[in-house]
Amino acid sequence: MKDYAPDKIRNVALVGHGSSGKTSLASALLFDFGATGRLTKVDKGNTITDYEPEEIDRKISINSAVCFFEAGSHRVNCIDTPGYSNFLWDAGAALRAVDGAAVLVDGVSGVEVGTEKVWEMLEEVQLPRLFVINKLDRENASFSRTLESIVQFFGRQAVPVQIPIGEEKDFSGVVDLIKQRAVTFERDESGKFREEDIPAGLKAEAAKKREALIEMIAENDEKLMEKYLDKGELGPEEVHIGLKKAVFNRQLYPVYACSALANIGAQTLAEGIIELLPSPLERGSIKATISGQPGTVKLSVDEPLVALVFKTLSDPYTGRISLLRVYSGKLNPDSVTSNVTKETDEKLGGLFFLQGKEQLPAGQAKCGDIVATAKLKVTSTGDTLAAKGTEVALPAIKFPEPSISFAIEPKSRADEDRISQASHRIVEEDPTVRFERDPDTSQLLISGSGELHVRIITDKLKKRYNVDVELKPPKISYKETVKGRSDVQGRHKKQTGGRGQFGDVWIKMEPLPRGQDFVFEDKIFGGSIPRNFIPSVEKGILEARKKGVLAGYPTVDFKVILYDGSYHEVDSSDIAFKIAASKAFKLAMREAKPTILEPVMNVEVYAPEAYMGDIMGNLNGRRGKLQGMEQKGNMRIIKATVPMAEMLDFEPTLTSITGGRGSFLMEFSHYEEVPAHLQQKIIAEAVKEGRVRPEEE
Ligand SMILES: Nc1nc2c(ncn2[C@@H]2O[C@H](COP(=O)(O)OP(=O)(O)OP(=O)(O)O)[C@@H](O)[C@H]2O)c(=O)[nH]1
Ligand SMILES: [Mg+2]
């Protein structure tokens, strides 16, 4: 394979809301530049970057996938990232491997909730970026309306460098405002194009838009501004350099027009990626911690090795594959590097470039390259590998906490035996999944960032690891607390021949504000309970509080004051006081108006205005409380808090209300009391599950 110097490499992530066309765009680029022999399609399940069975089945991207194409003297490494909210964290990790991003926006829907989320992630890593308005061939697509929505959300720095020729079924190419030419594509998906003069009908608009673009470029550079004011125009070189600089400094975000599916506009976009996004060398440097101090790493082939593991793939056959971005220096196959994050050495095996799942041997990797290596021993996603003796650690990659749990039941004994190894493998690849045992029911719980996420994990368990499990309904993490005060005695006395058991405590219980968990206060004076037994009382309560008296859920937000008791010279013991305390806890809780708390989520719904009434009505029915409304362009944003238990089936409902034009995100907010009539149901359920017995003492 041809060797590309770092200044000839571009590393770009394709990011955007779910279904905006990232994978289709990657397919078009790979085909147009000869990396594939045919135009692959998401709907045919044959794309290079959606190769996992779970992706092909569902026609969505679940994992970021690396691919590349060679365009003239340049090599462009593309990371096709997932846009669906459950998997957006993986797009965030991919941003750590690239020097720029293309943000895709659906030309019919405009900016959606996922667009905003990827934008936040881009802001965090401060990457240069451009916009691609995609799907311009679709009915109701509009470049100008979508641009308006982009400007409303992200500011007037989003500036078109193209205008479309034709729209909807007539979309056939673009007018390039920079090079002042028209590029029209064949309508047969071949990607063949002709360069022509700007069509007469678009000349006036193109001239106006070009002037606006040149003004924006000049605005960001004093010298160019002077020249522009003087001459009323800028030379081609000045436009190029000025625009490139403004993109690099995130002062401008060029906007492109495209239909990935019809293969129109992908090549003109590739030109933009190569000409306007920075090479690894142009990026200059990145932040890092060097010997414990904040510092920067210079991006150069001649510096010592610094590389980031931004993703791990795990396969039952090939084992573990680590994907690396080399930021500085060179990486040789079979060399020993230092895993700075884990403070130990790591020996590498062979190196290869990835074209989707295909592995192409790489002789060496260097500054700017994205490579993979198999079977690293200690290294996991987010680790920095550096030359031995260098103490450079790149910032860690952030992963979200899971927000939903389901109980799973292995279908057979054999499945049960295999699950532990399989779950280990899955977590290695996807650090946002958790496998845990519920301490109360000893059921195995699987937690992830959404129902789809969890369903995909169970698919993986079955298809890749041959573990068949049944997914039970999701578990809501209820908690119990008290609303009133109580004052009770807990007494444990047993006399069965020989030495007896005796413990006796008096406690008061009172509620604490939400989020304060638990406080134990010792107010024993005058030795009614000897000091050495007091820790046993506390322990007894700590153990007992794991299960509330209503439905057996953990208890929170209350205080226990131990203020009196009695003991027996011979029969009192640690265990007797623990039991007495546990009895006292249950009594106290029963008498202090116990109640059940439920997790409440912050929910943000994005949808066109027309659907607002229906969405609000629906959220109302889910016990939602409206927190605010915003308008951005033709999009309305509803912010509400809604109990998690009511949100489990919101997604299909929203899709059906809005015909797929609405989107939403949710995250945990706080705990709140469950209304009384619903508490009865939770209690009945707990009795059925054997979590509590109705007459339990
Ligand atoms: N009409 C039209 N359909 C498109 C275009 N681009 C993509 N699609 C369709 O939109 C759907 C989603 O396309 P994908 O390429 O999978 O979108 P994505 O952004 O990769 O989606 P995720 O990875 O799941 O976030 C598929 O059915 C595509 O065929 C386009 O330019 N025009
Ligand atoms: Mg995709």
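The values are calculated or read from the model by the stated rules, or taken from the named source; none is laboratory data. Predicted model only: the values in this text are computed from it and were never measured. Using ideal geometry, Cβ is built from the backbone for each residue, glycine included, and neighbour counts are taken over all protein chains shown. Side chains are part of the model used for accessible areas, which takes the heavy atoms of the whole protein and leaves out ligands, DNA and RNA. Shrake-Rupley method; radii C 1.70, N 1.55, O 1.52, S 1.80 Å.
Brief remarks on what is shown
- Of the residues making up the stretch 196-205, none is at pLDDT 95 or above, within 27 Å of Arg10 (Cβ to Cβ) and not in a strand (DSSP E or B).
- Test set (1) open to solvent by 50 Å² or more (accessible area, probe 1.4 Å); (2) out of contact with any Phe, Trp or Tyr (no Cβ under 8 Å at 6 or more places or on another chain) - Glu167 fails condition number: (2)
- Filter result for Pro431 (of a type outside the set (Val, Ile, Thr), modelled with pLDDT under 90 and under 28 Å from the mean Cα position of the chain (by Cα)): no
- Residues located in the stretch 75-126, provided they are assigned to a helix (DSSP H, G or I), within 13 Å of ligand 1 (Cβ to nearest atom) and closer than 20 Å to Val603 by Cβ: Ser85, Asn86, Phe87, Leu88, Val113, Gly114, Thr115, Lys117, Val118
- Residue in the stretch 59-74 that is more than 19 Å from Asp459 (Cβ to Cβ), within 10 Å of ligand 1 (Cβ to nearest atom) and not basic (Lys, Arg) present: no
- Residues within the stretch 101-149 that are more than 16 Å from ligand 2 (Cβ to nearest atom) and on the phi < 0 side of the Ramachandran plot, tallied: 31
- Residue under evaluation Arg590, criteria (1) touching a Gly at 6+ places or on another chain (Cβ under 7 Å); (2) open to solvent by 50 Å² or more (accessible area, probe 1.4 Å), criterion not met: (1)
- Ser142 being within 16 Å of ligand 1 (Cβ to nearest atom), farther than 29 Å from Ala396 by Cβ and surrounded by 24 or more Cβ atoms within 10 Å (Cβ to Cβ): no
- The stretch 398-428 - residue that is of a type in the set (Gly, Ala, Ser) and assigned to a loop (DSSP other than H, G, I, E, B) and, of those, modelled with the highest pLDDT: Ser412
- Residue among Thr40, Thr49 that alone is of a type in the set (S, T, N, Q), within 9 Å of ligand 2 (Cβ to nearest atom) and at pLDDT 95 or above: Thr49
- Here Glu237 does not qualify as open to solvent by 60 Å² or more (accessible area, probe 1.4 Å) and part of a strand (DSSP E or B).
- Test result for Ser20, among the small types (Gly, Ala, Ser), touching a helix residue (DSSP H, G or I) at 6+ places or on another chain (Cβ under 8 Å) and modelled with pLDDT of 95 or more: yes
- Inter-residue pairs, beta-carbon under 6 Å, first within 17 Å of Glu651 (Cβ to Cβ) and assigned to a strand (DSSP E or B) and in the stretch 607-636, second modelled with pLDDT under 95 and not basic (Lys, Arg), 6+ apart: Ala607/Thr658; Ala607/Gly662
- In the stretch 331-343, the residues that are closer than 12 Å to Lys388 by Cβ form Cβ pairs under 7 Å with partners that are of a type in the set (S, T, N, Q) and open to solvent by less than 40 Å² (accessible area, probe 1.4 Å), at six or more places apart or across chains, as follows: Ser338/Thr390; Asn339/Thr379; Val340/Thr384.
- Residue within the stretch 522-530 that is open to solvent by 80 Å² or more (accessible area, probe 1.4 Å), farther than 29 Å from Lys593 by Cβ and touching a helix residue (DSSP H, G or I) at 6+ places or on another chain (Cβ under 8 Å) present: no
- Wholly enclosed strands (runs of 3 or more DSSP E) of the stretch 298-397 bearing at least 3 residues polar (S, T, N, Q) and buried (at least 17 other Cβ atoms within 10 Å of the Cβ): 336-339
- Qualifying residues in the stretch 68-82 (those that are within 12 Å of ligand 2 (Cβ to nearest atom) and in contact with an Asp or Glu (Cβ under 9 Å, 6 or more places away or on another chain)) - the one farthest from Gly448 (Cα to Cα): Asp80
- The stretch 598-628, residues that are in contact with a helix residue (DSSP H, G or I) (Cβ under 9 Å, 6 or more places away or on another chain) and farther than 19 Å from Glu667 by Cβ: Pro608, Ala610, Tyr611, Asp614, Asn618, Gly621
- Tally of residues being in contact (Cβ under 8 Å) with a residue 60 or more places away in the chain and under 19 Å from Ile290 (Cβ atoms) across the stretch 390-410: 7
- The C-beta contact set for the stretch 77-106 (first residue more than 16 Å from Glu429 (Cβ to Cβ), second residue acidic (Asp, Glu) and within 14 Å of ligand 2 (Cβ to nearest atom), distance under 9 angstrom, 6+ apart or interchain) comprises Asp80/Asp50.
- Scanning the stretch 8-63 for residues that are farther than 26 Å from Thr432 by Cα, open to solvent by 10 Å² or more (accessible area, probe 1.4 Å) and part of a helix (DSSP H, G or I) gives Lys8, Ser24, Phe31, Asp32.
- Selected residue (criterion: farthest from Ser27 (Cα to Cα)) from residues of the stretch 270-297 that are open to solvent by 30 Å² or more (accessible area, probe 1.4 Å) and hydroxyl-bearing (Ser, Thr, Tyr): Ser291
- Residue, nearest to ligand 2 (Cβ to nearest atom), within the stretch 244-288, restricted to residues that are among the hydrophobic types (A, V, I, L, M, F, W, C) and part of a loop (DSSP other than H, G, I, E, B): Ala260
- Scanning the stretch 653-675 for residues being of a type outside the set (Val, Ile, Thr) and under 20 Å from Val111 (Cα atoms) gives a total of 10.
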